[in-house]
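Have a look at the structure below before the remarks.
The values are calculated or read from the model by the stated rules, or taken from the named source; none is laboratory data. Keep in mind it's a predicted model, so treat the numbers as computed, not measured. Note that each Cβ is placed from the backbone with ideal geometry, even for glycine, and that neighbours are counted across all protein chains shown.
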C-alpha cells in the first residue's frame, strides 16, 4: 500500500496552488460580492490545462482521472477560491459525456471541456422531486427529429456563465413500477423557450443559483447523450465524481480555515504566551485537523476507486462527501472561534466561506441521504424510504 | 541559443529550517524544492531561447541523495534536460567546491550563456556566479534585471543602488539574475507530464574530475539578537510631542 502521491500529482497540486494563490481569496470574494465571474482565474487554470485534467487525451485533455481533478478542486479551495463550476462542468458533465456519449458527441463536446472553453451546467434537481430522481417531472417528448422539453429545474449552479446545460429528463415511464425512465440532453443556455431566474442565496460564490423553466424547448435528437431511457445509470456515473470533487473542495476549505487559524494562534498573544498554547484552543484545532485528514483519506480512496472502476466507489464517495463537509464546517467554525471577534471580520476572510462550506453539507447530496445509503448498503439495514 | 541555468534545490523555506547539532549545517535530508530565486533565471532562460527561435535550456544542480523533485519543477516550466551532481563526498561542500562542480558540469554542456540567481535562499553566500565565471574564465555580469542577446553579445541592464547600468559582454558569459525581474510561468499540466520523461543525467564529483577539498567548518552558531520591544506611548492628546522628540533624537528632524 502506498499513500504517496506521484510526483506529477504533487506538481499539479503545487501549480494549481500557485495559480489560485496569485489570485487569492480577496479576488474571489470581491468578484462574488459584485456579481462578477472569476473568469480570469478560470482562464488561467484552464489555459494551463488543469480544468481538463480528467478529459481523455484523444480529445485534448489530460487523460488523468477524478483523482487529479479532485486535487485541482482541493487546491483552489485551500487558497480560498472554491469554484463550484469545476464540480459541475468537468466532474459531472464531462465524465458522463466521455463515458456514455457516442463518437460524434464526444468529438463535439470533449475538446471544449479539455481546454475549459466549454462550460456546462448540470440540471437534475426539481421543486417537487428533491432527492428523488424517480419522480422527476421534466419531460422530453420525441417529435420527429427533435425532442421537446417541458418542466422546471431549480438550484442549478452557474447557468449564466455556461454555454450549455446537461438536463436530466423523463422520456418514458416503466409501466410496472411507475418509475420514470430518464434521458440526458445537452441544451444550449440560449435555447428558445428556456427561461431562468436567479434564486437569491446566502453563499459568497461567483456561481449563482437558478430556477429554469423549459417551455417546449426544442432540442435536436443528436443532443440526447447515449441511449434513450438509460439516463439514471448515466447520472449515477457522474454523481460519484461530483461527490468526490465536492468532498475535495470541502477538504480545501478545511485546510484554508486551519491554515489561518493556526497562523493566528501561533502569533496572537493576549497574556504571556501565544493563544495556541492554550489547550482550549489547541485541542479543538487538533481534532479538526484529524477529522480533516480522515476526510482527505476517504476522498482519495473514493477518487482512486472511481478511476479504477472499483465497486467501492459509490460507498467511498458518499462517505467522503459526508466526512469532508462535516470536517470543513468544524475547521471553519473553530477557525472563527480561534480568531475571537476577528473571526467574523470581513478582513479575515473566514465568515464569508461559511455559506459555501455549509452548502456542502446539503449538496450535492444531503448528509441524511448519505446516512440512508450507508445504513442500507453498508450495514444491510432496511430501506428507509 | 543554449542556456545553462544553475539551480539549487533547498528545504522548503515555509518550514522552519533545522541545523544538524554536530556539524551545524542546515539539514537537507527531506524533500527539497526549487529555490524560488532560481525560478527567475529559468524563466529568463526560457524567454531568451524563445526569442532566439531555437536551442534549449539545461539545468545544472548539486544536491544530496539524487534529489530531483525541484528539478522536475523547472523541467515542467520548460527546461529540456538537467544535470544533477549528487555525491556523498560533496556533503558540506563549501562555495568554491560547489562552484568547481557546477563549472565542470557546465563545461560539458558548452552553453552560449550561463544564468544563476544572485544568491540561494538557504545559504545566502552569493559568491557562486563569480566563482563559476572565474573557474571557466568567462565574463561575469551580476544583478541582471533585463537581458538581451545581440549576435554573440549579451546586453544586460544591471541593477545598481541608484538605478541600472547598461553593460555587455561577449558570450559565453555568466549572468546572475535578480529575483523578481520576470514573472516565472506556472508549470502547465502538459509541462508537468512532459517533465516526467525529460533526461536528468546524474554525475559524481569524480565524473567531473573534482576532488572535494577540506570543505568548511561551522565552529559556532549564535541566535540573532531578538528585537527589543518598542516603547508604547498612550496618546493623551500630547502624543505628537513624543513623536517629535523621538524623531529629533534620531536626528531625522
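Output yes when any residue across the stretch B:221-229 is at pLDDT below 95, within 14 Å of chain A (Cβ to nearest Cβ) and not in a strand (DSSP E or B), and no when none is. Yes, there is a match, as at least one residue in the stretch B:221-229 is at pLDDT below 95, within 14 Å of chain A (Cβ to nearest Cβ) and not in a strand (DSSP E or B). One residue stands out in the stretch A:1-20 among those that are part of a loop (DSSP other than H, G, I, E, B) and more than 10 Å from chain B (Cβ to nearest Cβ): the one that is surrounded by the most Cβ atoms within 10 Å (Cβ to Cβ), namely A:5. The criterion of at least 1 residues that are crowded, with 22+ Cβ neighbours inside 10 Å and in contact (Cβ under 8 Å) with a residue 60 or more places away in the chain is met, among strands (runs of 3 or more DSSP E) falling completely within the stretch B:1-51, by B:3-6, B:9-11.
Filtered by the rule that a residue be assigned to a loop (DSSP other than H, G, I, E, B) and touching a helix residue (DSSP H, G or I) at 6+ places or on another chain (Cβ under 7 Å), the stretch A:202-235 gives A:202, A:203, A:204, A:205, A:206, A:207, A:208, A:225, A:226.
The single condition from (1) modelled with pLDDT of 95 or more; (2) not in a strand (DSSP E or B) that residue A:185 fails is (2).
The C-beta contact set for the stretch A:190-209 (first residue within 15 Å of residue A:357 (Cα to Cα), second residue part of a loop (DSSP other than H, G, I, E, B), distance under 6 angstrom, 6+ apart or interchain) comprises A:206/A:37; A:206/A:38; A:207/A:158. Taken over the stretch B:62-76, the criterion of being in contact with a strand residue (DSSP E or B) (Cβ under 9 Å, 6 or more places away or on another chain) and within 12 Å of chain A (Cβ to nearest Cβ) is satisfied by B:67, B:68, B:69, B:70, B:71, B:72, B:73, B:74, B:75. Residues in the stretch A:149-165: is at least one in a strand (DSSP E or B) and in contact with a helix residue (DSSP H, G or I) (Cβ under 7 Å, 6 or more places away or on another chain)? Yes.
Among the numbered conditions (1) in a helix (DSSP H, G or I); (2) surrounded by 17 or more Cβ atoms within 10 Å (Cβ to Cβ); (3) more than 9 Å from chain B (Cβ to nearest Cβ), the only one that residue A:68 does not meet is (3). When B:211, B:204 are checked against the criterion of being more than 23 Å from residue B:44 (Cα to Cα), more than 14 Å from chain A (Cβ to nearest Cβ) and free of Cβ contacts under 8 Å to residues at least 12 places away in the same chain, B:211 stands alone in meeting it.
Considering only residues that are assigned to a helix (DSSP H, G or I) and without any contact (Cβ under 8 Å) to a residue 60 or more places away in the chain, which ones fall in the stretch A:359-383? Passing the criteria: A:361, A:362, A:367, A:368, A:370, A:371, A:372, A:373, A:374, A:375, A:376.
When the stretch A:71-85 is examined, which residues are found to be in a helix (DSSP H, G or I) and away from chain B (no Cβ under 14 Å)? Residues satisfying the conditions are A:73, A:74, A:77, A:84, A:85. Filtered by the rule that a residue be part of a helix (DSSP H, G or I), in contact with a helix residue (DSSP H, G or I) (Cβ under 6 Å, 6 or more places away or on another chain) and closer than 21 Å to residue B:176 by Cβ, the stretch B:54-76 gives a lone residue, B:74.
Within the stretch A:171-192, being surrounded by fewer than 14 Cβ atoms within 10 Å (Cβ to Cβ) and closer than 17 Å to residue A:96 by Cβ holds for no residue. Among the residues making up the stretch A:21-61, those that are surrounded by 19 or more Cβ atoms within 10 Å (Cβ to Cβ), within 12 Å of chain B (Cβ to nearest Cβ) and not in a helix (DSSP H, G or I) are A:48, A:49, A:50, A:51, A:52, A:53, A:54, A:55, A:61.
Taken over the stretch B:77-95, residues that are outside any loop (DSSP other than H, G, I, E, B) and more than 12 Å from every other protein chain (Cβ to nearest Cβ) amount to 9. Taken as a whole, the condition of being in contact with a strand residue (DSSP E or B) (Cβ under 9 Å, 6 or more places away or on another chain) and in contact (Cβ under 8 Å) with a residue 24 or more places away in the chain does not apply to residue A:71.
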